[in-house]
Amino acid sequence: MSDQNFDVVILGGGSGGYAAALRAVQLGFTVGLIEKNKLGGTCLHVGCIPTKALLHAAEVADVARDSAKFGVKATFEGVDIAAVTAYRQEVVTSKFKGLTGLVKMRGITVIQGEGKLVSPTTVEVAGDRIIGKNVILATGSYSRSLPGLELGGRVITSEQALELDFVPKKVAVLGGGVIGVEFSSVWKSWGADVTIIEALPHLVPNEDESVSKQFERAYRKRGINFKLGVRFQSVTQDAHGVVVTLENGETIEAELLLVAVGRGAATAGIGLEEVGVKTDRGFVLTNERLATNIPGVYAVGDIVPGLQLAHRGFQQGVFVAEEIAGLNPIVIEDANIPKVTYSDPEVASIGLSEAKAREVHGNDNVSTYDLSLAGNGKSHILGTSGSVKVVRVNDGPVVGVHMIGARVGELIGEAQLAVNWEAYPEDIAPLLHAHPTQNEALGEAFLALAGKPLHAV
Ligand SMILES: Cc1cc2nc3c(=O)[nH]c(=O)nc-3n(C[C@H](O)[C@H](O)[C@H](O)COP(=O)(O)OP(=O)(O)OC[C@H]3O[C@@H](n4cnc5c(N)ncnc54)[C@H](O)[C@@H]3O)c2cc1C
């Protein structure tokens, strides 16, 4: 049993925790970073990175299948899942090595083991006391289920979905949010018959309704089945498959059921109750500056209620390190965090939906421009359809951008600058967008809202 003292102690080495650690040492603090599993957390090992590798392999399958459309002779013979796994693991391992090296090089002390908060300044790991002037909680999240829905066997979460060593022939997916539609996209591209069950009226229900509707059209066109506005009732499984029963009495037979109904906060047993840190259903309650009710104890990432995204975790980690250093960093509201759904098609958005903007700024005080990608040269070359919708306050800034189509995730950078810098379309209108890019569609939508469309009508 020993004591180790640091300026900042961080519990959890995922996106939020390691970003806090990197920024804190940069600011001259000593940092102890406690991790029970692997640095990089969910995002690197079982989230963002491995799923995007699968999506890329899915895109390659689609390109091979559709190659004749572009005059190239190729045949799609199937998916070698062992090779896909090797590719996915190679990407993750390489990024993990890079991160481990970076953390070491920066002089962060990594303490391997499971930590528990035992006082506002102390985390205990295997009997050792890791003491910090400030403590940052960053223990992340886990795949949730529904009451009465038992996980196991053929009822799987995203973690097991990633590890499958076969391509299922028929899958049911519970949840039409980001994780559900991403896996559906991959499996469909690899030849599976997919049915999504979503209790809300739309797929990707957190997006602007116009985007959700286009997304549904695109999925319908791809032959991905979905049941909307209907609740799951029960599931049974045997050696051959699952039978999912919905509340309307309908049943769906499949080989597997992927449960993608959201993620809970991984805070059980980490000492929050004992130390008096306030929580709500496991999530750590903080003020907008990410301070908990216990002085000196902060929380970042998926355990803080709101969007569960890696870049939100990074930003919050950096924010708290700067807050501790007294740099008074700016608060980014959740609405102004960019969101990308990586599937075919992609969805990318930031800021207020049209409906929310009208609610916040007044129905008559908001204008929108919804530009179809049909007129965009690069989108035509890629063979994608979709749209870019920009929402502005009249005589005011851009408050929302909502996009759908292949590769639109790459356009979110400019959109988030426009929204977070509170740019007026008139500010952006004189600036150039390279030709031919999909980025031009965004430029054209800004031009249109500034009253001077070039190609759009
Ligand atoms: C399938 C999937 C796909 C995703 N895709 C994307 C995407 O494309 N883009 C995106 O932005 N986000 C994506 N996410 C979300 C993203 O992974 C999370 O938002 C992000 O990982 C949250 O970071 P975090 O630091 O809060 O938690 P985590 O990354 O979960 O890290 C928490 C860390 O804390 C450690 N820990 C927990 N308890 C203890 C303890 N008691 N002692 C020591 N260590 C502990 C854990 O081992 C873990 O390493 C995806 C998630 C999933 C599941």
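Data overview
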quantity: Lys36-His56 FRET efficiency (beta carbon distance; Förster radius 41 Å; 0.05 resolution); calculated: 0.85
quantity: Packing-based order for 82-93, 250-261, using average beta carbon neighbours within 10 Å, highest first; calculated: 250-261, 82-93
quantity: Theoretical gain in end-to-end length, Asp427 to Arg289 [0.36 nm per residue, Cα-Cα removed]; calculated: 46.6 nm
quantity: Theoretical FRET efficiency, 1/(1+(r/R0)^6), r = Cβ-Cβ of Glu150 and Arg281, R0 22 Å, to 0.05; calculated: 0.65
quantity: Rounded to the nearest 20 debye, dipole of region 345-449 from Cβ charges on Lys, Arg, Asp, Glu; calculated: 260
quantity: Solvent-free Debye scattering, log10 I(q)/I(0), computed from the Cα coordinates of the chain at q = 0.05, 0.07, 0.10 Å⁻¹; calculated: -0.20, -0.40, -0.82
quantity: Karplus-derived HN-Hα couplings along region 386-398 (A = 6.51, B = -1.76, C = 1.60, θ = phi - 60°), whole Hz, x at Gly and Pro; calculated: x, 7, 10, 10, 10, 10, 10, 8, 4, 6, x, x, 6
quantity: FRET E, pair Leu417, Gln26, Förster distance 22 Å, beta-carbon r, rounded to 0.05; calculated: 0.40
quantity: Approximate spin-label separation Thr75-Asp128, in nm, with each point projected 7 Å along Cα-to-Cβ; calculated: 5.9
quantity: Phi to ³J(HN,Hα) by Karplus 6.51 cos²θ - 1.76 cosθ + 1.60 over region 356-369, Hz, x for Gly, Pro; calculated: 5, 4, 5, 5, 6, 9, x, 4, 8, 10, 10, 10, 10, 9
quantity: Lysines whose Cα lies under 26 Å from that of Lys389, excluding same-chain neighbours fewer than 8 positions away; calculated: Lys52, Lys213, Lys221, Lys339, Lys356, Lys378, Lys452
quantity: Whole-number percent relative contact order across region 345-449, with pairs defined as alpha carbons under 8 Å at least 6 apart; calculated: 33
quantity: Rel. contact order, % - alpha carbon contacts under 8 angstrom, at least six apart, region 241-338; calculated: 16
quantity: Given charges at beta-carbon only (K, R positive; D, E negative), |dipole| of region 19-155 in Debye; calculated: 380
quantity: Region 154-161 - phi-based ³J(HN,Hα) in whole Hz, Karplus 6.51/-1.76/1.60, Gly and Pro as x; calculated: 8, 9, 10, 10, 4, 4, 6, 4
quantity: Fully extended contour minus Cα-Cα distance, from Val118 to Asp66, at 0.36 nm per residue; calculated: 12.9 nm
quantity: Relative contact order for region 155-261, counting Cα pairs under 8 Å that sit 6 or more residues apart, in percent; calculated: 35
quantity: Ile294 long-range amide H proximity, modeled H, under 5 Å; calculated: Lys278
quantity: Residues in region 75-98 that a label on Asp165 would reach, taking backbone N under 18 Å of a point 7 Å out along Cα→Cβ; calculated: 79-90
quantity: Farthest positive-ward along region 155-261 dipole, Cα basis, beta-carbon charges - from Leu174, Leu203, Phe215; calculated: Phe215
quantity: 5 angstrom amide H check on Asn5, placed H, neighbours 5+ away; calculated: Ile131
quantity: Within region 385-413, backbone nitrogen closer than 12 Å to the virtual label 7 Å beyond the Cα of Ile332 toward Cβ; calculated: 413
quantity: Volume per residue that the Cα convex hull of region 155-261 spans, once the total is divided by residue count, Å³; calculated: 88
quantity: Helix-only mean residue ellipticity at 222 nm for the chain, each DSSP H run of n ≥ 4 adding -39500 (n - 2.57), per residue, nearest 500; calculated: -10000 deg cm²/dmol
quantity: Qualifying GluC sites (Glu not before Pro) in region 308-344, DSSP loop, other Cβ atoms within 10 Å at most 13; calculated: Glu333
quantity: Residue among Val72, Leu411, Asn248 farthest towards the positive dipole end of the chain, charges placed on Cβ; calculated: Val72
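Laboratory data are not the source of any read-out in this text; all were calculated from the coordinates shown. Source: prediction; values computed, not measured. Methodologically, a virtual Cβ is constructed for each residue, glycine included, from the backbone with ideal geometry; neighbour enumeration extends over all protein chains shown.
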